[in-house]
Amino acid sequence: MSWTSLSQVYSPMSGSPNVDDLIWTNQVSYNYQLPTQNYINFSFDTSAAAAVPGNVGVSEMTGDQQNAVRGVLNYIHNVTGINFNETTGDSTAPVDMFFGYSGDFNNGWYGVDYNNITYGQDASSGSVSTLDIHDSILLNSNYDFLDSPGPGSVGYDTLLHEIGHALGLKNAEDGPNVLPANLDSPDITIMTNVVTADPGAPMNYGQFGSLDIAALNWLYGGDGVLGTYGLTVNSSGVPIAGGFNPLIAAQGAAGSSLNSLTTVATATPVAAGFTAVPNQQGQLVGLS
Ligand SMILES: [Zn+2]
């Protein structure tokens, strides 16, 4: 490919007011994985947990939690065009997003997303030749109400929030661009950390806010990973911003059919012809 440092594929600002208040800077979107892929694999197989601190144990999600994750991903497919494929975590279908359950991270958090980016560079040209993004999304087992996170529950909204992080969104209150307080509401964005004072009380959002959709429109363009719109590449493989998809004016406008969540059974071969440099690895560890 045609870039030589990770910063060349950090998510750029859109210039659109408030959209940039949700863009996680120094983050690389799933558009830029190498070898190129136009889908995101996910798994509940605990062997696929990665980038989780050593003092954080991970167990398998409950069946209800797994079904909730599948439902959330179906919804996200409908509003972003991103294809998600469930895998078993074996070597023939590497996992991008892992979903698990743990009681070992900050008890004040309902969920967490550990984001990790590794890359290798061609020894002679310096070009980035492998780029792997991995998110481990955990729900907190210290809260009983997260055991069955169906639509309209805190757990469902927590999954939306954490997957929002994995897709490149930050907390509305974090810098460098902070969402103005009058907009910092779950009615506008699920990336708010303005939560109810009554833990476990249903938030009942069950969907992204209009600002989330606008930010995801900038990153993915409503036509999925590496589509025409959103962050993508030109014909030479050079990262570009494909821009907002004008067809997405409001929530739910993108996509129309449910994803079948098919299992990817075949390997994506690693591109040959380069030498990975093991000591040139990037890592980002992220937000709650
Ligand atoms: Zn967060």
Everything considered on the Cα gyration tensor (a ≥ b ≥ c; rounded for a/c under 1.5, else prolate if a/b is larger than b/c, else oblate), region 6-241 must be described as oblate
Descending packing, highest mean Cβ count within 10 Å first, for 155-166, 116-127, 75-86 is 155-166, 75-86, 116-127
So residue 236 and residue 185, fully extended at 0.36 nm per residue minus their Cα-Cα distance, gain in nm 14.3 nm
For region 99-191 the mean separation of alpha carbon contacts under 8 Å (6+ apart) over residue count, i.e. relative contact order in percent, is 26
To the nearest 0.05, the calculated FRET efficiency linking residue 173 and residue 104 through their beta-carbon distance, R0 being 25 Å, is 0.50
For region 6-241 the mean separation of alpha carbon contacts under 8 Å (6+ apart) over residue count, i.e. relative contact order in percent, is 25
Residues 40, 188 in order from fewest to most other beta-carbon atoms within 10 Å are 188, 40
Between the modelled labels at residue 16 and residue 144 (7 Å from Cα along Cα→Cβ) the distance in nm is 4.3
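Every number in this text was worked out from the coordinates using simple rules, so none of it is lab data. These numbers were taken from a predicted model, which means no experiment stands behind them. Ideal geometry is used to build each Cβ from the backbone, glycine not excepted, and the neighbour counts take in all protein chains shown.
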